[in-house]
Amino acid sequence: MSKPRVFLTRLILESGLKPVQDFCEAEIWSGELPPNRDELMHYVHGRNGLLCLLTDRIDADVMDAAGPGLKVISNCAVGVDNVDLPAATARGIPVGNTPGVLTDATADFTFALLMAAARRVVEGERQVRSGGWKTWSLDTLLGADFAGATLGLVGFGRIGRAVARRATGFGMRIIFSDPNPATPPRPGTGTTPEPGAEATQVDFDTLLRESDFVSLHTPLTDKTRGLMNTAAFAKMKPTSVLVNTSRGPVVDQPALYEALKSHRIFAAALDVTVPEPLPIDSPLLTLENCIIVPHIASASWQARQKMSRMAAENLIAGLKGERLPNCVNPEVYGRELR
Ligand code: DGY
């Protein structure tokens, strides 16, 4: 029997690649950059499965270019804002993602960014390299303390909770607000007994007003696009630090630039931007108090191997006509599958 035909928009790591190549006839995009629109439309044609990355916009046109044989879309990321889910569901195509396996890596990296921004690590490193550091002094590159400070988590899903557990070890007070709660808030105290952490739910304005550190862990949705805007920055403490490891469009970048330049807030660290990569002439890159890294929060060896494996499992399950182990549009199972 002939193998199902799949297109991978990028080489995935060995843990996922081998099962895909064993089970499928796989075409793997090998360009340095992701396939452009025309290339994607061309290569998807006639495939039974598509394994894509967050860099690929998978909309109704791409699904239709694939044709009626497309049985599954497997996104090798936990975020799926790059995939048009209603369009997939309408066509009876299950969409898979990779939750859980990158939680710890992303939470670790969030802390790396929180500390780097608060304690001016990158600025200091630049001083040393440029010969700008002349001598030790009591007021060189002073930054913010963690013990006793308030951490405000915007989004309290897997990653937000993992950050809360780490913050507990630093002696921080933890508050959260959740613009897209997976489960409704618990009635009563508003305190969520997260094992290893105690976090209190507050409204978004209270979070902005009370936090010394604000860290974003929310998916990109209509509710969260531009959430961190001029009005939000105006409510934050002038000593506060913003970290974004969620999705770039959650932050209004021109507003962030103004807030950082005018010292309305102390510092920011962004793992994600609009666009990615951020153009080299972006005003944000002129600021000493802004750290920008290339969307690497989940980039640990283990996390990326597990993401590759999970993406392969979703792809293969879909090709077999089985339920995806991690499906983001399970409502598809209530209708006729492809
Ligand atoms: C995801 O999986 O959505 C992350 O952004 C990748 O690090």
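Data table
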| quantity | calculated |
| --- | --- |
| Listing of strands (runs of 3 or more DSSP E) fully contained in the range 44-163 that carry 1 or more residues being touching a residue at least 40 places away in the same chain (Cβ under 8 Å), touching a Phe, Trp or Tyr at 6+ places or on another chain (Cβ under 8 Å) and more than 23 Å from Glu27 (Cα to Cα) | 150-154 |
| The range 265-277 - residue that is surrounded by 18 or more Cβ atoms within 10 Å (Cβ to Cβ) and of a type outside the set (Asp, Glu) and, of those, nearest to the ligand (Cβ to nearest atom) | Val272 |
| Failed criterion for Asp281 (all others in (1) away from the ligand (no atom under 16 Å from the Cβ); (2) not in a loop (DSSP other than H, G, I, E, B) hold) | (2) |
| Members of the range 221-269 that are free of Cβ contacts under 8 Å to residues at least 12 places away in the same chain and charged (D, E, K, R) | Asp222 |
| Which numbered condition Asn314 misses (of (1) touching a helix residue (DSSP H, G or I) at 6+ places or on another chain (Cβ under 9 Å); (2) assigned by TED's automatic domain parsing to the domain that holds Ala87) | (1) |
| Members of the range 85-120 that are away from the ligand (no atom under 16 Å from the Cβ), surrounded by fewer than 22 Cβ atoms within 10 Å (Cβ to Cβ) and over 17 Å from Asn244 (Cα atoms) | Pro86, Ala87, Thr89, Ala90, Arg91, Gly92 |
| Failed item, numbered, when Ala234 is tested on (1) surrounded by 15 or more Cβ atoms within 10 Å (Cβ to Cβ); (2) more than 12 Å from Cys290 (Cα to Cα) | (1) |
| Qualifying positions in the range 208-225 - in a helix (DSSP H, G or I) and touching a Leu at 6+ places or on another chain (Cβ under 8 Å) | none |
| Residues (within 17 Å of Val78 (Cα to Cα), among the polar types (S, T, N, Q) and assigned to a helix (DSSP H, G or I)) located in the range 284-307 | Gln302, Gln305 |
| Sole residue being acidic (Asp, Glu) and more than 29 Å from Thr218 (Cβ to Cβ), chosen from Asp59, Asp64 | Asp64 |
| Residue list for the range 226-251, restricted to those being part of a loop (DSSP other than H, G, I, E, B) and more than 16 Å from the ligand (Cβ to nearest atom) | Gly226, Leu227, Asn229, Met236, Lys237, Pro238, Thr239, Ser240 |
| Hits in the range 46-83 (condition: among the charged types (D, E, K, R) and buried (at least 20 other Cβ atoms within 10 Å of the Cβ)) | Arg47, Asp56, Lys71 |
| Flag for Ala311 being within 12 Å of the ligand (Cβ to nearest atom) and assigned to a loop (DSSP other than H, G, I, E, B) | no |
| Ala299 within 28 Å of Ser2 (Cα to Cα), modelled with pLDDT of 95 or more and within 14 Å of the ligand (Cβ to nearest atom) | no |
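The values are calculated or read from the model by the stated rules, or taken from the named source; none is laboratory data. If you're wondering where the values come from, they're calculated on a predicted model, not measured in any experiment. Heads up, the Cβs are rebuilt from the backbone with ideal geometry, glycines too, and the neighbour counts pull from every protein chain shown.
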